[in-house]
Amino acid sequence: MMQLLPPGEGARLVAFLTARLTEKADAQLDLETAWHSAACGDRRPVGGRACPCGVPAFVLRSVTAERVLLGEFERATRHRDRLRASATWAESPEEEAVRAEAERTARLLAAEYIDHPEYREDWRMISASVTLTADVRDAETQPDDKRTR
């Protein structure tokens, strides 16, 4: 079982992830740094997007989904902090389980930024022996048509 974050640390993790998600979304609107499909080649601005291939819209939807997950963690953390401050009402096992899962999700979202200078080691969920890479598929997990090309 993972060690839960101490009081106040959840708010720091939320602030860190909120800033990174804003950076991630903003990068999609910058024509010089926007990530897009290498096969696209067309860098004309279209409808406020950096690339007409649709990838930036996908990334922006991803950021929106991550913000929703982060919001769930933030609400669970605030609820726990209110309970601790009252000193009269303990967190139920169900509430603790929901908060622990929300925290696990937030820590996994933060794993993407493990090399960021503001990343804190106590947020780490993934073992130091696991290396996160951009290419998460190996030959065994790729569809057959991809392996034969």
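Quick notes
- Highest-first arrangement of 59-71, 78-90, where packing means the average Cβ count within 10 Å: 59-71, 78-90
- Rounded to the nearest whole Hz, the Karplus-based 3J(HN,Hα) values (6.51 cos²θ - 1.76 cosθ + 1.60, θ = phi - 60°) of the range 58-71 follow the sequence 4, 5, 5, 5, 4, 4, 4, 4, 5, 5, 5, 4, 5, x, with x at glycine and proline.
- The solvent-accessible area of E74, taken with every protein chain present and a 1.4 Å probe, is close to 70 Å².
- With each label modelled as a point 7 angstrom along the Cα→C-beta vector, the R75-D122 pair spans 2.7 nm.
The values are calculated or read from the model by the stated rules, or taken from the named source; none is laboratory data. Since the model is a prediction, treat every value here as computed from it, not as a measurement. So basically every Cβ, Gly included, is an ideal-geometry build from the backbone, and we count neighbours across all protein chains shown. In case anyone asks, the SASA skips ligands and DNA or RNA and just uses the protein heavy atoms, side chains included. Shrake-Rupley method; radii C 1.70, N 1.55, O 1.52, S 1.80 Å.
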